[in-house]
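The values are calculated or read from the model by the stated rules, or taken from the named source; none is laboratory data. All figures in this text were calculated on a predicted structure; none of them were measured in a lab. No Cβ is skipped: glycine too gets one built from the backbone with ideal geometry, and neighbour counts run over all protein chains shown. Surface areas here come from the heavy atoms of the whole protein model, side chains and all, with no ligands, DNA or RNA. Shrake-Rupley method; radii C 1.70, N 1.55, O 1.52, S 1.80 Å.
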Amino acid sequence: MATSVRAKRAGSPPPAAPPSSPDGPRGRRAAPGGRRSTLYRWDVKAIPYVFVAPFFLTFAAFGLFPLLYTGWLSLNRVELGGDPTWKGLENYTDLATSEFFWNALLNTFTIGVISTVPQLLMALGLAHLLNYKLRGRGFFRVAILAPYATSIAAATLVFAQLFNTDYGMINGLLGWTGIGPVDWESSKWPAQIAISVIVTWRWTGYNALIYLAAMQAVPQDLYEAASLDGASRWRQFLSVTIPSIRPTILFTVIVSTIGATQLFGEPMLFGGSVGISGGSGNQFQTLSLLMYEKGWVTGALGQASAIAWVMLLLLLLIGGVQALVSRRNRTKPGR
């Protein structure tokens, strides 16, 4: 009996496979190979552009278009409520012969120098101190960043009271040392020094943290080797720290210079009612203030646009200098 069953099983044909479904093994219709590969190629090539498209659309609407439109306005005579009239390069030639433009350019340069140089030197010293293992250094790192978090309006209004000619605390302290009251608002150099103090107070801590981050990336082996050679901490700072963070120093110099070129809020608020004109005698009027005055006080939008493009060219020039210096540092032997 068992033998006959086994024989029947051995001689029986294999069971037939179930009929295949047109939708595939799991009920899903397989797309043609060519169509699937084409969709895959389009997906790989197009999706990255879809992801970055919002940035480019936003930049085109709020960056590129205003830039090009301002350049077109700088070649026309445009007044508020009026139609533009083509003038070519006349707005730029007028700036070349304008004493107000050269005064604003000189003020921008001097305020930039007397605010940037002390600011970066102080930031470098603070970063060097915070780089050591001090008690409560976390608190000091947060504290030096507090001025940067303060609004320009609040900081400038406080310093305007401190530098007030009649009742300011700065003149009070100078009076104790036998120095007479200084007219911080009406005199050229005192006003520029006061504005530079505001800028230095706000940005020193920010640059100090940038320097601190660069110093912490310097290998400790360099300091140990210098210490074994008998170098003092001051010599280590000059011979190890400064060369190691030179690219960071160059970066902060360029960024601070760009910020000084665009200086607007501090001088305008410091001058009060005459802040837009940079004081009663334009003694601290910067390029940004002159551009604002031309555009929204006198209504000469064409001249204001020309000033804006001159500022852009200055910033491009500064960026070009940075690129040349960086390339020169990279191509030096041993780097």
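Straight Cα distances below 19 angstrom link Lys87 to the aspartates and glutamates Glu79, with same-chain residues fewer than 8 positions distant left out.
Taking 7 Å steps out from each Cα toward its Cβ at Leu64 and Lys45 produces label points 2.1 nm apart. Within the listed set Arg36, Arg141, Arg77, the Gaussian network model of the chain (springs between alpha-carbon atoms below 10 Å) gives the highest mean-square fluctuation for Arg36. Mean-square fluctuations from a GNM of the chain, with a 10 angstrom spring cutoff on Cα atoms, peak among Leu124, Leu287, Leu250 at Leu250. Put simply, the chain fits an ellipsoid with semi-axes of 63, 36, 20 Å; these come from the alpha carbon gyration tensor as the roots of five times its eigenvalues, largest first. Can you give the calculated 222 nm mean residue ellipticity of the chain, where each DSSP H run of n ≥ 4 adds -39,500 (n - 2.57) and the sum is split over every residue, rounded to the nearest 500 deg cm²/dmol? Helix contribution divided over all residues of the chain: -21000 deg cm²/dmol. Looking at the range 114-190, the chymotrypsin sites (Phe, Trp or Tyr not before Pro) that sit in a DSSP loop and have at most 11 other Cβ atoms within 10 Å of their own Cβ are Tyr132, Tyr167. The Ala153 and Ala323 beta-carbon pair, evaluated with R₀ = 30 Å, returns a calculated FRET efficiency of approximately 0.30. Accessible area per residue was computed with a 1.4 Å probe on protein heavy atoms; Glu79 scores about 100 Å². When both the range 54-133 and the range 179-256 are represented by their alpha-carbon centers, they are found 25 Å apart. Angle of helix 188-216 to the longest C-alpha principal axis of the chain, folded into 0 to 90 degrees and rounded to 10: 30°. The C-alpha atoms of the chain define a longest principal axis, and helix 152-162 lies at about 20 degrees to it. Compute the long axis of helix 99-130 from its Cα atoms, compare it with the longest principal axis of the Cα atoms of the chain, and write down the angle in degrees, 0 to 90, nearest 10. Roughly 70 degrees between the two axes. Based on protein heavy atoms only, the chain ends up with 64 Å² per residue of surface accessible to a 1.4 Å probe.
With R₀ set to 35 Å, the beta-carbon distance separating Ser186 from Leu312 gives a calculated FRET efficiency near 0.60.
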